[in-house]
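Below is one structure; the comments refer to it alone.
The values are calculated or read from the model by the stated rules, or taken from the named source; none is laboratory data. Since the structure is predicted, the reported quantities are computational estimates derived from the model, not experimental observations. Neighbour counts are summed over all protein chains in view; Cβ atoms, including those assigned to glycine, are modelled from backbone coordinates with ideal geometry. For the accessible areas, the whole protein counts, side chains as well, though only heavy atoms, and no ligand, DNA or RNA atoms are used. Shrake-Rupley method; radii C 1.70, N 1.55, O 1.52, S 1.80 Å.
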Amino acid sequence: MAVLENLEPQKVFHFFEELCKIPHETFDIKRISDYCKAFAEERNLEVVQDKVDNIIIRKGATPGYEDSEPVILQGHLDMVCEKVPGCAHDFKTDPLDLFVEDGLIGARGTSLGADNGIAVAMIMALLDSDDIPHPPIEAIFTADEETGMGGATNIDLSVLKGKKLINIDAEVEGILTTGCAGGIAFVAEFPVGREERKGDLVTFEIRHLLGGHSGMEIHKQRGNAHKLMGRLLKRVSEVTQFYLVSIEGGAKDNVISMENTAKILVPEGDGGKAAEIAAEMKAVWDNELMGDEPNYTVSADIQAGVTESACDRAGTDRVLSYLLIVPNGVQSYSRKLENLVETSLNIGYVQTEEDLVRTGHMIRSSVESQKQMVRIQVEELAKALGANTKIISQYPAWQYDPDSELRKVMEDIYTDMYGKAPVVFAIHAGLECGMFIGKKPDLDCVSIGPNIRDVHSFDERLDIASTERTWNYLKNILSALK
């Protein structure tokens, strides 16, 4: 007996359970892609499977909708695989162990993959139906969304005829997501010479800041360890001369850095004077942060009379100047959507090698021109200080369209169904819709989805009643797109 067979909508949950039987971690989606291809072929639907295992399926219109413009429905095939410590589940071979409890679906010991399996299941249920009115459907199941949006990057959208795209990758019911930030992963590398010097080695550590996602939490003004360390080192330079030995912290450009460790060499006997700056700056930051960083620490350790290979004067100065001057955090807010961050940047990591210091940034904006403007600002600053710069990757913005026809239809239907307007929302992070619009600028996109809790964790849960409401909402939208 299937675990979900008595749940409504029955066909949606049937396909969701079938998908959960197939391992589909990011970069291991060939089997689930093949399953979707076979599903289409068994129903004599037109299907294309590309070289990265994206799937495009076409289904004709139901009677009365033959002259309607096709609608594009989209979800992604891969899931984030997490499990509780000690869980024996093998994501390469084992089906998920589903259960139902308190109106929610979960998987024992593991993440559920409702992000984004429920989207694929809903679309498959539509493609399998013969009693749901709809225009021609162009269904897209993308590969490897969770790490780098590889499927959306490589998909060929020129084969599509539709101009209205409904993405089903949102995680809160009642919200119409209508825009997202584009991003640039930017790196600056500052050349440093090395000189053997003797003095006191002072190691400063800033740790246990809250950190967070540089898109979703940048507006919270959380402390960035790299920027704080720049201020600390500047204050040290006002009481004694120092040479940088190394500076390290952070691992990803899209994470607000929680820690930074800097080692500097000061003249013998000045170690204590430099170390005192740690406590001084901690008091300054306590006042500025006003309790929003309850657990962070600032410490200093001294090793007197050591010989170190330190950065030269020019290298030390250019790294310190950059950390002080480079902009960071929110740069502007949307003029149309209240409280939406429009443009930001985050210095996510700092790394030291023998001959260079590297900084990695994530630049975001929902307005493409603003994203490029910030990139130019940071690039010009870095170059002026002697750095080499490069763009590691970038993806386009999905800018809010006040004239979206699809959004207006979806707002009206939601209001008719529930007696209240949906929340119209945009996010300061990347979505596949941004990639699609970059390839096909005439697309009109909206993202929806049912309530999913604790996404990307072993506590992930899919709300059954919310799924049924979202399914009915989707059917009503399709019925209206005549």
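Quick grid of which residues meet (1) hydrophobic (A, V, I, L, M, F, W, C); (2) without any contact (Cβ under 8 Å) to a residue 12 or more places away in the chain; (3) open to solvent by less than 30 Å² (accessible area, probe 1.4 Å); (4) farther than 16 Å from Ile155 by Cβ:
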site: Phe15; (1), (2), (3), (4): yes, no, yes, yes
site: Glu18; (1), (2), (3), (4): no, no, no, yes
site: Glu25; (1), (2), (3), (4): no, no, no, yes
site: Ile29; (1), (2), (3), (4): yes, no, yes, no
site: Tyr35; (1), (2), (3), (4): no, no, no, yes
site: Val47; (1), (2), (3), (4): yes, yes, no, no
site: Thr62; (1), (2), (3), (4): no, no, yes, yes
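Screening Asn339, Asn328, Asn346 for residues that are touching a helix residue (DSSP H, G or I) at 6+ places or on another chain (Cβ under 8 Å), at pLDDT below 95 and either open to solvent by 10 Å² or more (accessible area, probe 1.4 Å) or over 24 Å from Phe242 (Cβ atoms) (or both) leaves exactly one candidate, Asn339. For Lys371, the conditions (1) open to solvent by less than 10 Å² (accessible area, probe 1.4 Å); (2) within 30 Å of Pro135 (Cα to Cα); (3) not aromatic (Phe, Trp, Tyr) all hold with the exception of (2). Within the stretch 374-400, being open to solvent by less than 70 Å² (accessible area, probe 1.4 Å) and within 27 Å of Ile448 (Cβ to Cβ) holds for Tyr395, Pro396, Ala397, Trp398, Tyr400. Among the residues here, Glu276 qualifies as over 30 Å from Ala181 (Cβ atoms) and part of a helix (DSSP H, G or I).
For the stretch 167-207, a residue qualifies if it is outside any strand (DSSP E or B) and open to solvent by less than 10 Å² (accessible area, probe 1.4 Å), and the qualifying residues are Ile168, Ala181. Scanning the stretch 441-452 turns up no residue that is among the small types (Gly, Ala, Ser) and open to solvent by 30 Å² or more (accessible area, probe 1.4 Å). Please count how many residues of the stretch 150-166 are touching an Asp or Glu at 6+ places or on another chain (Cβ under 9 Å), open to solvent by 20 Å² or more (accessible area, probe 1.4 Å) and not in a helix (DSSP H, G or I). The total comes to 5.
Scan the stretch 398-438 for residues that are within 19 Å of Gly150 (Cβ to Cβ) and either assigned to a loop (DSSP other than H, G, I, E, B) or among the small types (Gly, Ala, Ser) (or both) and the total you get is 5. Elements of the type strands (runs of 3 or more DSSP E) sitting completely within the stretch 303-375 and holding at least 2 residues that are hydroxyl-bearing (Ser, Thr, Tyr) and either closer than 21 Å to Asp253 by Cβ or in contact (Cβ under 8 Å) with a residue 60 or more places away in the chain (or both): these cover 341-352, 356-365. Are any residues in the stretch 93-130 in contact with an Asp or Glu (Cβ under 7 Å, 6 or more places away or on another chain), surrounded by fewer than 21 Cβ atoms within 10 Å (Cβ to Cβ) and charged (D, E, K, R), and if so, which ones? Within the stretch 93-130, just Arg108 meets the criteria. Can you find even one residue in the stretch 241-254 that is without any contact (Cβ under 8 Å) to a residue 24 or more places away in the chain and farther than 18 Å from Asp200 by Cβ? Within the stretch 241-254, not a single residue is without any contact (Cβ under 8 Å) to a residue 24 or more places away in the chain and farther than 18 Å from Asp200 by Cβ. Any residue at all in the stretch 67-82 that is open to solvent by 30 Å² or more (accessible area, probe 1.4 Å), under 28 Å from Val172 (Cα atoms), of a type outside the set (Val, Ile, Thr) and in contact with a His (Cβ under 9 Å, 6 or more places away or on another chain)? Within the stretch 67-82, one or more residues are open to solvent by 30 Å² or more (accessible area, probe 1.4 Å), under 28 Å from Val172 (Cα atoms), of a type outside the set (Val, Ile, Thr) and in contact with a His (Cβ under 9 Å, 6 or more places away or on another chain). The single condition among (1) open to solvent by less than 50 Å² (accessible area, probe 1.4 Å); (2) in contact with a strand residue (DSSP E or B) (Cβ under 8 Å, 6 or more places away or on another chain); (3) not basic (Lys, Arg) that Glu308 does not satisfy is (1). Contact annotation: residue pairs with Cβ atoms under 9 Å, 6 or more positions apart or on different chains, pairing a residue in the stretch 160-178 that is at positive phi with a partner that is open to solvent by 10 Å² or more (accessible area, probe 1.4 Å) and in a strand (DSSP E or B), are Gly174/Val423. Does Thr240 fit the bill of being surrounded by fewer than 23 Cβ atoms within 10 Å (Cβ to Cβ) and part of a loop (DSSP other than H, G, I, E, B)? In short, yes. When the stretch 34-67 is filtered for residues that are in a helix (DSSP H, G or I) and among the basic types (Lys, Arg), only Lys37 remains.
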